[in-house]
1. When the residues of region 107-136 are narrowed to those that are surrounded by 13 or more Cβ atoms within 10 Å (Cβ to Cβ) and at pLDDT below 90, which ends up nearest to residue 72 (Cα to Cα)?
2. State whether one or more residues within region 181-194 are touching a residue at least 24 places away in the same chain (Cβ under 8 Å), under 14 Å from residue 8 (Cα atoms) and out of contact with any Asp or Glu (no Cβ under 7 Å at 6 or more places or on another chain).
3. Collect the residues in region 1-28 that are in contact (Cβ under 8 Å) with a residue 12 or more places away in the chain and either of a type in the set (Ser, Thr, Tyr) or part of a loop (DSSP other than H, G, I, E, B) (or both), keeping them in residue-number order.
4. Hey, does region 45-60 have a residue that's touching a strand residue (DSSP E or B) at 6+ places or on another chain (Cβ under 6 Å) and basic (Lys, Arg)?
5. Hey, could you check region 37-62 for residues that are under 23 Å from residue 223 (Cβ atoms) and in contact with a Leu (Cβ under 8 Å, 6 or more places away or on another chain) and say which is surrounded by the fewest Cβ atoms within 10 Å (Cβ to Cβ)?
6. Could you look through region 41-70, keep only residues that are under 21 Å from residue 83 (Cβ atoms) and in contact (Cβ under 8 Å) with a residue 40 or more places away in the chain, and pick out the one that is farthest from the chain's Cα centre (by Cα)?
7. Just the residues that are within 29 Å of residue 28 (Cα to Cα), in contact (Cβ under 8 Å) with a residue 60 or more places away in the chain and not polar (S, T, N, Q), please, taken from region 109-133.
8. Taking the criterion of being closer than 24 Å to residue 177 by Cα and crowded, with 19+ Cβ neighbours inside 10 Å, would at least one residue in region 84-98 satisfy it?
Amino acid sequence: MRGLFISGTDTGVGKTILSAALLAAIAAEGEPVSAYKPVVTGLGEPPQTWPQDHRLLAEMAGMSPQEVAPLRYAPAVSPHLAAAMAGERIDSSNLIDHARAHAGTPGTPDTPGTVMIVEGVGGLLVPFNEDFTVRDLAVALALPLLIAARPGLGTINHTLLTLQAARSVGLDVGAVVLTPWPSQPSPMEQSNRETIAHMGEVEVVGLAPVAHPDRGELAQAGAQLPWRRWLRPESCIPSQT
């Protein structure tokens with residue numbers, strides 16, 4: 001099965017919009033999709049203009065929010081703390097098993113298999129528990145990694161550190177996606193893009209701004225991304241042994 005793992009340089013950098021845009025664009029091409037965000041926190045916060053992360057991804061993937069995000073917590077804190085506040089501990093094996101269970105159908109030479117978009121929580125080193133991070137989940141699933149990052153001030157350091165953290169454990173980084181990428185980038189934003197590409201030795205692309213949680217608008221933005229190239233032919237969620 002093909003898939004992509006979406007992480008970010010921080011929280012609030014556009015991971016969910018990028019994930020939703022990819023789901024909408026891939027589905028618009030007639031390919032089956034599934035979505036997985038292992039943990040959602042902050043559900044007790046006041047309602048926002050956009051749907052909650054797992055609800056938006058579920059809508060784009062044609063799934064239920066509970067299937068997309070098996071663990072859901074009210075406090076806007078890191079997953080390990082949210083679980084502890086609920087008297088729980090997140091089991092890393094359950095996170096991996098859920099991904100495998102909802103991976104969809106494998107492909108054949110004539111029919112493409114399901115494309116699973118996995119969205120992490122915050123950045124790569126965010127802990128699910130004291131021994132297991134988002135990066136560990138990405139390693140276990142072995143999918144090409146996309147890094148969502150801001151285009152503005154501070155993004156060079158954050159992005160290069162994230163690249164270093166990913167590559168140090170052998171993750172296959174497909175690209176850095178700057179989001180939202182303005183139609184008329186400033187000299188600083190353009191320089192940031194070029195600097196990250198050069199110093200990080202990585203492809204850097206921009207995701208067009210998406211104003212509304214609309215399937216058509218998300219699909220249009222996602223269609224501008226080279227997602228077919230990022231889906232390595234050999235990328236798959238390993239079978240459980």
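1. 113
2. no
3. Applying the first criterion (in contact (Cβ under 8 Å) with a residue 12 or more places away in the chain) to region 1-28 yields 1-11, 13-28.
Listed by number, the residues that qualify are 1, 7, 9, 10, 11, 13, 14, 16, 19.
4. Within region 45-60, the first condition is being touching a strand residue (DSSP E or B) at 6+ places or on another chain (Cβ under 6 Å), and the residues that meet it are 53-54, 57.
If we keep only those that are basic (Lys, Arg) too, we end up with none.
No; the residues of region 45-60 include none that is touching a strand residue (DSSP E or B) at 6+ places or on another chain (Cβ under 6 Å) and basic (Lys, Arg).
5. Step one: filter region 37-62 for residues under 23 Å from residue 223 (Cβ atoms), giving 37, 50-51, 53, 55-62.
Now narrow it down to the ones that are in contact with a Leu (Cβ under 8 Å, 6 or more places away or on another chain): 37, 50, 57, 60-61.
Numbers: 37: 25, 50: 14, 57: 27, 60: 26, 61: 27.
Only one residue tops the list, namely 50.
6. 41
7. Keep residues of region 109-133 that are within 29 Å of residue 28 (Cα to Cα), which gives 109-123.
Subsequent filtering for residues that are in contact (Cβ under 8 Å) with a residue 60 or more places away in the chain retains 112-123.
The answer is 112, 113, 115, 116, 117, 118, 119, 120, 121, 122, 123.
8. Going through region 84-98, the residues closer than 24 Å to residue 177 by Cα turn out to be none.
No, region 84-98 contains no residue that is closer than 24 Å to residue 177 by Cα and crowded, with 19+ Cβ neighbours inside 10 Å.
The values are calculated or read from the model by the stated rules, or taken from the named source; none is laboratory data. Predicted model, so just to flag it, every value in this text is computed and none were measured. Don't worry about glycine lacking a Cβ; one is built from the backbone with ideal geometry, like all the others, and counts go over all protein chains shown.
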